[in-house]
Amino acid sequence: MTAIAPRFGPQLIRLLLVTAVLTVGLLGALAGTASAHAALTGSDPKDGAVVDVAPREVTLTFSEQIAMGDDSIRVLDPSSKRVDVAKMQDLSQGGTVRYAVGLKPGLPDGTYTVAWQAVSADSHPVSGAFTFSVGAPSATTATVPDQEAGGGLVGTLYDAVRYISYAGFILLVGGAAFVLACWQRGASVRPLQRLVVGGWVTLTAATLVLLLLRTPYTGSGKLGDMFDLGGLSDVLDTKTGAALVSRLLLLGAAALFIAVLFGAYAKRVTEAEAEAEQDGKGNAEAGKAKADLAFGLSLGGTVVAAGIAGTWALSEHASTGIQTGLAMPLDVLHLLAVAAWLGGLVSLLVALYRVPDLERAAVRRFSRIAFTSVVVLAVTGVYQSWRQVGSWDAWTDTSYGQLLLVKIGLIAVLLGAAWFSRRWTGLLGEDANTAEAGAEADVEAGVKVGVKARVDVAEETAGEDVAEAGTSADPERAAQLARQRTALATARKKRDRDADTERSGLRRSVLIEACVALVVLAVTTALTGTEPGRTQEKEVSRTGTEAAAPAPARPVSLTEPFDTGGTKGKGTLRLTIDPASPGTNLMHVWIDGPDGKPMDVPEVKVAYTLKSQQIGPLPVVPERLAAGHWSAGNVQIPMPGDWHLQVTVRTSDIDQTTIEKNVKIG
């Protein structure tokens, strides 16, 4: 078998650096697209509502089952003090998911803020806030977190560790599968041993970090809380916590599997090959023992790998939505196929660059396994796409569909590179002993004779050198001869490698596959944290339309004549609302007499009503600033829409009129 130099060339290093930069950039770009699965669908009181009497409790209704703690719902008064007192109550029944928290009795008038935070059924944190008012809206200093749950530094770290955990799983499972199914002698090859063990260490460490990060990721967002033992105890009671602990236990079984694979099994393979080289046939008992051990490792390894894959399926998208009984096992199969393909690809790349005597039969066997894995990925991927996307429009109208299109495009590139790899594999796998390839066999035989002759000469020379070294008492001479033999062997391996064009072509195509696979894994990680298209469409159908980008705020002004019917009852009303957007607004009212000069009146009152949402009327009593000029500096308008404005002007104890006008807010 031709030799392959162990060092990576400059082109390889540059390509890996470019791929790493693209992967990091893609992860950063996709970080903002991730969103949660559950959504708040209703509340009592409603967002922006004004109630006459303070409610006894606040209730929240969600689109699907969520996990909440006693501190998940907070109600803050205008001075930012908590006014919720009772423990949270689960009022869910049937298909309705509803939670409530009690309030202190006798709450004064003002605007109250409700902030909530929970964990969706697919393990992603969700949060939000809204306001309601008792009596009338007021100024409020209540503050809520300025970032969504799962965001910030903790969210970035959590997503990065999730990516690393997927990579560790792929290296562990794919590397072990490559050794057992494609190249059994690889069990005693140090680079492949390091690859598989590195995958196990990576996945184990990432799982531990994910377990510690769950508390700040789904709670405070403070990195220091990852060492909070109380929070860790709460995490262990959740579905995600149980899945991570189960993964750690399964990784313990995987450690035993690795020990047997690279210990007893590698020894059996080496002994069987040694006996076969001695008598040309091998020992039947040794071969049977090796086959039995390989079967046991294959069966046990498959069970452990499926169990580890199941920890993702049981805690993420496959465990929610429709047809979960079918989606979860197919998701496990999908993950195993990914590991067999991409993990085997990395193992093949390592073997091609670091192992000088990789058999061509091993490459052909991996080619068949990779083809089977692609078929499995296609079948399971089509089903998962239908299940998660939901409609044709969702492919382009939702972030999940857009990410999935990116992933499909990258897989197409990956398959293109795989096609070239299969071509090079076919050239490697040509049978030199068939009659049709007789001429090529003669040439190859001649080359082998020449190579064997050179090897024989080198061995004969090396033997003489050894004899000389043995008779020589000079240790420096022996060390010099050893260095010469090593240099000779290295030069021969480099020469044979450079002459093997098929092997060089395969290395290049497999390297491209591995680099594209890194980016595919980044997109896949982002997909697992993105709300499925089917769910996004449901939310759109509930609200009637997706939240549009807010239009630039523009002050609203109106001028209307009035006549209260009494003495000095005629005049002109001028009103401005700035910036005429949801939130705090500044309102000015001017009253002018028939002569255009400021006109004082006893009272001016304003009220806002959003009839489409049954909000209001929200009363506003402006303060007099000067003759004919009134102002209100904290007009709270909870949401955009066509608001019905009512301005009441009283010119005497009995004479008054109300001007009604619709104004556009937001």
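Normalised by the number of residues in segment 291-380, what is the relative contact order in percent for Cα pairs under 8 Å and 6+ residues apart? The partial results should precede the final answer.
Working: 48 pairs, mean separation 26.0, N = 90.
After rounding, I find 29 percent.
Subtracting the Cα-Cα distance from 0.36 nm times the residue separation, let me have the gained length for ALA482 to ILE659 in nm, one decimal.
Going from the current span to full extension adds 53.2 nm.
Can you figure out the FRET efficiency of SER92 with THR372, using R₀ = 41 Å and their beta-carbon distance, to the nearest 0.05? Don't jump to the answer; show the numbers that get you there.
Numbers: r = 44 Å, r/R0 = 1.08.
After rounding to 0.05, the efficiency reads 0.40.
With r defined as the distance between the Cβ atoms of VAL382 and GLU271 and R0 fixed at 45 Å, what FRET efficiency is calculated, to the nearest 0.05? List each step's numbers first, then the result.
Working: r = 46 Å, r/R0 = 1.02.
Step by step, r from the Cβ atoms, then E = 0.45.
How big is the gap, in Å, between the Cα center of segment 159-228 and the Cα center of segment 337-375?
20
Note down the nm distance, to one decimal, between modelled labels 7 Å out along Cα→Cβ at ALA253 and at LYS597.
9.5
Using a basic spin-label model with each label point 7 Å from the Cα along Cα→Cβ, how many nm lie between VAL85 and ALA291?
It is 7.8 nm.
Applying a 10 Å radius around every beta-carbon, put 346-355, 225-234, 365-374, 97-106 in order of their mean neighbour count, most first.
Details: 346-355: 22.3, 225-234: 14.4, 365-374: 18.4, 97-106: 16.7.
Top of the packing list down: 346-355, 365-374, 97-106, 225-234.
Using square roots of five times the C-alpha gyration tensor eigenvalues, list the equivalent-ellipsoid semi-axes of segment 165-316 in whole Å, biggest first.
On the way: eigenvalues 320, 36, 21 Å².
Semi-axes, largest first: 40, 13, 10 Å.
If I take R0 = 51 Å and measure r between the Cβ atoms of ARG624 and GLN402 in this structure, what FRET efficiency does the formula 1/(1 + (r/R0)^6) give, to the nearest 0.05?
0.40
Greater than 32 Å separation of Cα atoms is the criterion. Which listed pairs, LYS87/LYS664; LYS239/LYS290; LYS290/LYS407; LYS239/LYS407, meet it?
From LYS87/LYS664; LYS239/LYS290; LYS290/LYS407; LYS239/LYS407, over 32 Å: LYS87/LYS664; LYS239/LYS290; LYS290/LYS407.
Taking the Cβ of ALA309 as the center, what net charge do the other residues with Cβ under 15 Å away carry, scoring Lys and Arg +1 and Asp and Glu -1?
Within the 15 Å Cβ shell, the charges total 0.
Quick check: at a probe of 1.4 Å, how many percent of the accessible area of segment 38-132 sits on carbon and sulfur atoms?
Carbon with sulfur: 47 percent of the solvent-accessible area.
The values are calculated or read from the model by the stated rules, or taken from the named source; none is laboratory data. From a predicted model like this one, the values you see are computed outputs, not experimental measurements. All Cβ positions, glycine included, derive from the backbone under ideal geometry; neighbour counts span all protein chains shown. Ligands, DNA and RNA are stripped out before the accessible areas are found, and what is left, the full protein with its side chains, is counted by its heavy atoms. Shrake-Rupley method; radii C 1.70, N 1.55, O 1.52, S 1.80 Å.
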